[in-house]
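So the structure is just underneath, and the comments pick up after that.
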Amino acid sequence: MSALTTSDGRLASFQQGQPPIDKSPQPATGGPPTAETILATAARLRREVGLTFHEQLMEDIYADAARLADRAVTRPGEAERFDLDRSIDRIVTSRVWGFPMMILLFALVFWITIIGANYPSQWLSNILIGTIYPWLNNMADALGFPWWLSGLLIDGIYLATAWVVSVMLPPMAIFFPLFTLLEDFGYLPRVAFNLDNIFRRSGAHGRQALSMMMGFGCNAAGVVATRVIDSPRERLIAMLTNNFALCNGRWPTQILIATLFIGTLVPAWLGGLVSAAAVVGIAVLGVAFTFGVSWFLSRTMLRGEVSTFSLELPPYRPPRIRQTLATSIVDRTIYVLWRAVVFAAPAGAVIWLIANITIAGQPLAVYLVNFLNPIGLLIGLNGVILLAYVVAIPANEIVIPTILMLTVLMTGASGVDGGAGVLAQTESHQTIASVFQAGGWTLLTAVNLMLFSLLHNPCSTTIYTIYKESGSKKWATVAALLPLAIGLVVTFTVAQVWRLIAY
Amino acid sequence: MTNEPKQIPITDSGCAGCPMYNPGHLERLGVDMSESDYVVGLAGNPNVGKSTVFNSLTGLRQHTGNWPGKTVTRAEGGFVYDGARYKLVDLPGTYSLLSTSLDEEVARDFILFGRPDVTIVVLDATRLERNLNLALQVLEITDRAVICLNLMDEATRRGLKIDDRRLARDLGVPVVPTAARQGKGLDELLRAVNDVATGRSVGRPYRVRQRSAAVSRAVDELVGQITQVFPDLPNARWVAMRLLDGDENIAESIRSGELGQLSRAPRLEVAA
């Protein structure tokens, strides 16, 4: 026996097979067991018990759980609600109906948002821009404000904030409660269920569907939500592609541009429907890019196995309407609006400053826009839009207000008829449309803006979150540049093809 | 968001005049967790209402939703009950404590190494069988547990009758039926937590039966050695099963002696 007792306790106890029967003192492994002997014994027993231990353990637990539950629960025949749940599931997660149902449901949500946001949007615009804006100007005149002060405060800070509120508040106040109702009802996990298979085939984790759904609210939140994915490789894929889920800050842009440019291509009664379809189209395109880029990453930079997981379909619950309204208005709408306003006010000041600080008789904004214009036109956009995307790096929410302000100030500054006076008109959508017309927009500009809004760098909050979550500057940089590169390629291609066909 | 202490009755029954009504005087402390006397962990499957229980006890407003995996990190909050300050830790929702995913590890490590004074296991009463899998695993680790049988309103609506007393007898720990979304049963839950925390009620938890003789023998042999090295360890059987399952984290904690410190040292000091 002592011949087997090497300095390696593990080997010795393995070869002994049984606990020592030998009562004689053993120099190395004798005496009370130590941490090492426990581990050695465990290793030996593991070999004896075999690899099925985990399954046996699970089976034992399941069997006991079933027995205990059976003793405690009495069911009165078949429960009705349970069957209802199952029959709903059979439809919404079916191979045939799952996807059409999903697209239809989201289209319905956007349609309600687009139709419903119209009136309050006009009303807010009437008050904030039609009434208060001239009143403020008159006040400033009466008080004898110098032109630069009233310009900075009213044309800059106030107008940017007013745009953000009137353009963004109504769609958000409708969209978020509807989305929260779907969430509360229990539909979102079904979406994840439907998408799981495609995610797996893209080499990504099925739970990425959940972080993507969160991304539809806010990409920074979506990136944090990737923590539910265990494997670091799949988690990185989920983080890098989260930006392809349209976030809060971008929905209003999509809805507004679709309403103004796509919806007006068809007769008025079809307008809302077609605009909604266009927004859904962009969202679906984003999902397609999520799959495509995940597939690409899992075959190039982030190669590896796909891990399995189990996804629970929770019971459908009647949504609590009042709480849902409260949560979505307070937690989402007000939160996003507040963020937008906080970024919009200084951005408004910046925009006004670059439009009014002149160098050699030309405003600074003109130099910047003229510098960006060739690139912008090449990809079917313009310099104003690109400059707006630079100004809006902290928050996507202010892209549209920034574009509006810059266009107004640019056209005003360069002598085009209209200028800041355009904003005083009362019909909000017409106002915005006429500003865009003054800026020389075409249908191509609108389509490419929708595409670029989907495909560009995430906001700085999201980039910072990716950096914190991944702990890597490299991946944060990839997350910022990869979608931007894709956006440039896509908009460039669309612009070239469009111009080929149009002329 | 609501950090200031508030005294809000949480049962909505018509018992407001009765001296037994809210006898412990729940005081919600929000994120104020200074100098807590007891630490309570909140475990459970995803989407069973843990966050709702958490919010109603602490007065915090963590986002809740019909969505498994809402809580990815631990959320912490405080409350005062019966004069004692409690720190409540909302753990990630998990189906099991056996695999190695991050959320399961967070929950498991907290229950094992954090040594909470009480672990509340929130169960979905409408899915008792599947939810009990986790409860049984928690009971292997700790005897200081309270079962919160949540979503009782939904179970009743489905016509399910659940014998909570029988369940409590079988499991060997207190079982409290609740409907957290309606704020029902939370006072009873607090009383049970208080009883376990103060040692007034001592659990004798159910232990899973091994159906294979070979496994049973292996566990016994390993338990024998473990109890010799760590005599005060309350969950030697569970540690043995983890080792047989090849759990590297547990093996490491044995190698480093971390497990030994658990058994000897008094309960972990609560960070102020």
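Here, each number is a calculation from the coordinates, and none is a lab measurement. The structure displayed is predicted, hence computed values, not measured ones. A quick note on method: Cβ atoms are made from the backbone with ideal geometry, for glycine too, and the neighbour counts reach across all protein chains shown.
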Tell me, A:L484, A:L240, B:L98 in order of fewest to most beta-carbon neighbours within 10 Å?
A:L484, B:L98, A:L240
Once the Cα gyration tensor of the stretch A:216-266 is diagonalised, what are the square roots of 5 times its eigenvalues, in whole Å and ordered largest first, as equivalent ellipsoid semi-axes?
32, 10, 6
Classify the stretch B:213-263: rounded, prolate or oblate, from the alpha-carbon gyration tensor (a ≥ b ≥ c, eigenvalue square roots; a/c under 1.5 rounded; otherwise prolate if a/b is larger than b/c)?
oblate
What distance in nm separates the two pseudo spin-label positions at B:Q228 and A:R201, each 7 Å out from Cα along the beta-carbon direction?
5.8
Say each of B:R200 and B:R165 gets a label point 7 Å from the Cα, pointing the same way as Cα to Cβ; how far apart are those two points in nm?
2.0
Histogram of C-alpha separations across the stretch A:112-175, 10 Å bin width, %
23, 42, 23, 11, 2
How do A:S125, B:S253, B:S216, A:S87 rank when sorted from fewest to most other Cβ atoms within 10 Å of their own Cβ?
A:S87, B:S216, B:S253, A:S125
In degrees rounded to 10, the 0-90 angle between helix A:268-299 Cα long axis and the longest Cα principal axis of chain A is 40
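Computed over the Cα atoms, what is the radius of gyration of the stretch B:130-272 divided by 2.2 N^0.38 Å, N being its residue count? Working shown, then result.
Numbers: Rg = 17.9 Å, N = 143, 2.2 N^0.38 = 14.5 Å.
Against the empirical 2.2 N^0.38 Å value, I get 1.24 for the stretch B:130-272.
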For the stretch A:60-142, which chymotrypsin sites (Phe, Trp or Tyr not before Pro) pass both filters: DSSP loop (anything but H, G, I, E, B) and at most 15 other C-beta atoms within 10 Å?
A:W97
Tell me, in nm to one decimal, what length is gained between A:K473 and A:A268 on full extension, where the rule is 0.36 nm per residue of separation less the Cα-Cα distance?
68.9 nm
For a Förster distance of 51 Å, can you work out the FRET efficiency between the beta-carbons of B:R217 and A:A433, rounded to the nearest 0.05?
0.05
Hey, if you drop one equal point scatterer on each alpha-carbon of the stretch B:97-168 and run the Debye formula without solvent, what base-10 log of I(q)/I(0) do you get at q = 0.15 Å⁻¹?
-0.55
Could you tell me what fraction of 2.2 N^0.38 Å the Cα radius of gyration of the stretch B:23-198 comes to, as a two-decimal ratio?
0.93
Can you tell me the FRET efficiency between A:L488 and A:V284 if r is taken as the Cβ-Cβ distance and R0 is 25 Å, rounded to the nearest 0.05?
0.75
Dipole-positive endmost among A:V287, A:L409, A:G116 within chain A (Cβ charges, Cα centre)
A:V287
Crossing angle, helix A:473-502 versus chain A [Cα axis fit, 0-90 degrees, rounded to tens]:
50
Roughly how large, in nm² to one decimal, is the mean projection of the convex hull of the alpha-carbon atoms in the stretch B:89-138?
3.4
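Grab the alpha carbons of chain A, take their convex hull, and tell me the volume per residue in Å³. Walk me through the intermediate numbers first.
Numbers: hull volume 120.4 nm³, N = 503.
Per-residue hull volume (Cα only) is 239 Å³.
Just round it to a whole percent: the fraction of Cα-Cα distances in the stretch A:108-242 exceeding 19 Å.
Across the stretch A:108-242, Cα pairs with separations above 19 Å total 64 percent.
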Taking B:C148, A:C218 and counting other beta carbon atoms within 10 angstrom, the fewest-first order is A:C218, B:C148
Given R₀ = 56 Å, FRET efficiency for B:E248-A:V390 by Cβ-Cβ distance, to 0.05?
0.70
Using a 7 Å offset from the Cα along the Cα-to-Cβ direction at both A:I132 and A:R95, what is the distance between the two label points in nm, to one decimal?
5.7
When Lys and Arg each count +1 and Asp and Glu each count -1, what net charge do the other residues less than 11 Å away from B:V53, Cβ to Cβ, add up to?
+1
On Cα atoms only, tilt of A:35-49 relative to the major axis of chain A in degrees
80
Counting other Cβ atoms within 10 Å of each Cβ, which trypsin sites (Lys or Arg not before Pro) in the stretch A:312-371 have at most 16 and sit in a DSSP loop?
A:R320
